[in-house]
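To start, the structure under review is shown below, and the notes come after it.
The values are calculated or read from the model by the stated rules, or taken from the named source; none is laboratory data. In this text the structure is predicted, and so the values were computed from the model without any measurement. Glycine gets a Cβ as well: all are built from the backbone with ideal geometry, and neighbour counts include every protein chain shown. Heads up: the accessible areas ignore ligands, DNA and RNA and are worked out on the full protein's heavy atoms, side chains in. Shrake-Rupley method; radii C 1.70, N 1.55, O 1.52, S 1.80 Å.
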Amino acid sequence: MATTHILKREGVLPTETELLVDRALQDLEAHSPELKKDLRPIQITSVKEVDVAAGRKAFVIFVPVPMLKAVHKVQQRVTRELEKKFSDRQVLFVAQRRIMRKPARINRAKQPRPMSRTQAIVHDKILDDLVYPTEIVGKRTRVKVDGSKTIKVFLDSKDATSLEYKLDTFSAVYKRLTSKDVVFEFPAEQAF
């Protein structure tokens, strides 16, 4: 069976988890006629397995940035099917983004660094990708006395029932990808 969904550079072999997810996507494409047309162009660049609290694990599937819009069309259905297939793991889709260094005085680049390649923008976009079906309605950064920072992210409360079980997964994956502490919450309803 050919690896139809894995996109790697020449000479780089896919890992076991990438092959496992690729096989699952191929099965989903073969047995689900309504998803077949939307799943065919989707490719994955890599898959990371992240340990979440209480011994649970999550698959973080990286896709190329231009393909992210196509993935968003079917992300909820594909995530649901993949979580059924891998019953002990949760599945998240994130775009494979690149961070460029600040240009130094010694080796100035000919072109300025695009804003989309800065660390702050890439980390914000990763945060948006992690919580995709819902929207971020607010962010607060809390700096403690010892200098440690914690980001508090408020998600749209209309999705509270469907995302409540994934909040610790979002935190663990974001910590693994960016080394930043983050807490996800739903804002309390205010009575006016």
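A DSSP coil position with no more than 13 other Cβ atoms inside 10 Å describes the following trypsin sites (Lys or Arg not before Pro) in the range 1-72: Arg9. Rolling a 1.4 angstrom probe over the protein heavy atoms with all chains in place gives the range 18-96 an accessible area of 50 Å² per residue. With contacts taken as Cα pairs under 8 Å and at least 6 residues apart, the range 1-96 reaches a relative contact order of 26 percent. Taking amide H as placed 1.01 Å from N in the peptide plane, the amide H of Ala95 sits under 5 Å from that of Val63, each at least 5 places away or on another chain. At a probe radius of 1.4 angstrom, the accessible area of the range 151-192 per residue rounds to 59 square angstrom. Summing charges over neighbours of Phe154, with a neighbour being any other residue whose Cβ is under 11 Å away from its Cβ, gives 0 when K and R count +1 and D and E count -1.
Pop out the carbon and sulfur fraction of the accessible area of the range 124-192 as a percent, whole number, probe 1.4 Å. Percent of accessible area from carbon and sulfur atoms in the range 124-192: 49.
Entry note, the chain: relative contact order of 15 percent, from Cα contacts under 8 Å with a spacing of 6+ residues. With each label modelled as a point 7 angstrom along the Cα→C-beta vector, the Ala53-Thr4 pair spans 4.0 nm. A helix-only calculation puts the chain at -11000 deg cm²/dmol for mean residue ellipticity at 222 nm, using -39500 (n - 2.57) for each DSSP H run of at least four residues, averaged over all residues.
Given the choices [x] 8, 31, 34, 19, 7, 1, 0; [y] 9, 28, 39, 19, 6, 1; [z] 8, 25, 26, 21, 11, 6, 3, 1, 0, P(r) over Cα pairs in 10 Å bins from 0, in percent derived from the coordinates of this structure is entry [x].
Using only the Cα atoms of the range 19-84, build the gyration tensor, take square roots of its eigenvalues as a ≥ b ≥ c, and label the shape rounded, prolate or oblate: rounded if a/c is under 1.5, else prolate if a/b is larger than b/c, else oblate. Here the range 19-84 falls in the prolate category. On full extension, the segment bounded by Ser32 and Lys175 gains 48.0 nm, given 0.36 nm per residue less the C-alpha separation.
Loop-resident GluC sites (Glu not before Pro) (DSSP state other than H, G, I, E or B) in the range 46-143 with no more than 15 further Cβ atoms inside 10 Å of their Cβ: Glu135.
Spin-label pair Val137-Lys73: with each label point 7 Å from Cα along the Cα-Cβ axis, the two points sit 3.0 nm from one another.
Within the chain, the selection of entire DSSP H helices by a Cα span of 15 Å or greater along the long axis and an average Kyte-Doolittle value of at least 0.0 returns 119-130, 167-178.
Around the amide H of Lys57, modelled in the peptide plane, lie the amide H atoms of Val52, Gln90, all under 5 Å away and 5 or more residues distant in sequence or on another chain. Heavy-atom surface analysis with a 1.4 Å probe gives the range 1-101 a carbon and sulfur content of 53 percent of its accessible area.
Exceeding 21 Å between C-alpha atoms, which entries from my cross-link table qualify? They are Lys125/Lys175; Lys144/Lys180; Lys37/Lys158; Lys73/Lys152. The pairs that break the limit, which is 21 Å between Cα atoms, are Lys37/Lys158; Lys73/Lys152. Of all DSSP-defined beta bridges confined to the chain, some 50% are antiparallel rather than parallel. Looking at the range 144-192, which trypsin sites (Lys or Arg not before Pro) are in a loop (DSSP not H, G, I, E or B) and have at most 10 other Cβ atoms within 10 Å? Hits after loop and neighbour filter: Lys144. On the beta carbon distance between Lys102 and Leu13, with R0 = 45 Å, the FRET formula returns roughly 0.85.
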